[in-house]
Amino acid sequence: MAHNDTILIQISGVSYRYPGSAQPVLDDLSLTFREQDRLGLIAPNGSGKTTLFHLIMGLIKPDQGTIEVFGKKVEKPRDFIPVRRKIGLLFQDSDDQLFSPTVMEDVAFGPMNQGKTREEAIEISRKTLAFLGLENFEERITFKLSGGEKRLVALATILSMEPSILLLDEPTTGLDARTKSRLIDILNHLNLARIVISHELEFIQSVTDHIYTMENGRINLDEELHIHQHHHVHRHGKQPHKHV
Ligand SMILES: Nc1ncnc2c1ncn2[C@@H]1O[C@H](COP(=O)(O)OP(=O)(O)OP(=O)(O)O)[C@@H](O)[C@H]1O
Ligand SMILES: [Mg+2]
């Protein structure tokens, strides 16, 4: 089998309905995600993108269908222990990710939880923070960080666990243009399989190879999206101008 044929995540016929809601959010969704895949998802609010990530991580359980990660069916809480070691989920809301008083404690938490010594965890956290350009953030108080700073620190908490797959849920939220392009550089220096959810076309096409949308609770794999850049000059005039 060729290296990049290895299936990392296999989702087969997964359906999920939140308790108390009438409609399923995901309905018979299937996806084969292979080594070195860099997949983008662009879909309207409420279409189930975040729900899909939560199912992969075992935060919620499918009503129907199966999920296999690294060739193993994941069902019981115990099955997800290796999954959470190898898949780094960047939560849509950074406040769901950050819970320690200081940045260093937050970034070192994952590696320590994986059995690294305190010294090893601090060492890897320092390297990760430096890689993200956050050298001086170690002693910063997490809850006092700005939204964009939290986004990068949240990414650091994932990268310090040295995952082999990244699931990034709207990573650019709150990032200014310069930080966004820094994030593009960072992600392109990481040779990691990834699924990236974003509403930002330019960003998503910079960090993924294939982009799909979600419809009716499924990923529309029949239709790959090709984004064309739209460059033009605006006149200051009376004519209104619409973008499609
Ligand atoms: N805990 C919950 N309980 C009930 N319904 C929920 C819950 N979480 C999400 N939903 C509903 O499920 C649907 C899908 O939500 P989800 O967060 O997966 O969408 P999304 O595609 O990530 O949207 P967005 O682009 O806004 O982040 C929405 O209609 C949402 O209201
Ligand atoms: Mg979402």
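Any idea how many residues of the stretch 175-188 are in contact (Cβ under 8 Å) with a residue 40 or more places away in the chain and not charged (D, E, K, R)?
Looking only at that region, the number is 1.
Take the residues in the stretch 201-223 that are closer than 29 Å to residue 182 by Cα and among the acidic types (Asp, Glu); name whichever of them is modelled with the lowest pLDDT.
Out of the qualifying residues, it is 202.
Identify, by number, the condition in (1) over 20 Å from residue 95 (Cβ atoms); (2) touching a strand residue (DSSP E or B) at 6+ places or on another chain (Cβ under 9 Å); (3) not small (Gly, Ala, Ser) that residue 178 doesn't meet.
(2) is the only condition that residue 178 fails.
Identify, please: which residue in the stretch 175-191 is in contact with a helix residue (DSSP H, G or I) (Cβ under 7 Å, 6 or more places away or on another chain) and open to solvent by 60 Å² or more (accessible area, probe 1.4 Å) and is, among those, nearest to ligand 2 (Cβ to nearest atom)?
Checking each candidate, the answer is 176.
Here is a list of conditions, (1) closer than 25 Å to residue 212 by Cβ; (2) away from ligand 2 (no atom under 16 Å from the Cβ); (3) among the hydroxyl-bearing types (Ser, Thr, Tyr), and residue 47 meets all of them except one; can you say which number that is?
Of the numbered conditions (1) closer than 25 Å to residue 212 by Cβ; (2) away from ligand 2 (no atom under 16 Å from the Cβ); (3) among the hydroxyl-bearing types (Ser, Thr, Tyr), the odd one out for residue 47 is (2).
So, in the stretch 8-44, of the ones that are of a type in the set (D, E, K, R) and part of a strand (DSSP E or B), which residue ends up farthest from ligand 2 (Cβ to nearest atom)?
Going through the qualifying residues, I end up with 34.
Within the stretch 50-82, which residues are in contact (Cβ under 8 Å) with a residue 40 or more places away in the chain, assigned to a strand (DSSP E or B) and either surrounded by fewer than 20 Cβ atoms within 10 Å (Cβ to Cβ) or within 16 Å of ligand 2 (Cβ to nearest atom) (or both)?
Once the filter is applied, which keeps residues that are in contact (Cβ under 8 Å) with a residue 40 or more places away in the chain, assigned to a strand (DSSP E or B) and either surrounded by fewer than 20 Cβ atoms within 10 Å (Cβ to Cβ) or within 16 Å of ligand 2 (Cβ to nearest atom) (or both), the stretch 50-82 yields 64, 65, 66, 68.
The values are calculated or read from the model by the stated rules, or taken from the named source; none is laboratory data. None of these values were measured; they are calculated from a predicted model. Cβ: placed from backbone, ideal geometry, glycine included. Neighbour counts: every protein chain shown. Heavy atoms of the whole protein, side chains included, go into the accessibility calculation; ligands, DNA and RNA do not. Shrake-Rupley method; radii C 1.70, N 1.55, O 1.52, S 1.80 Å.
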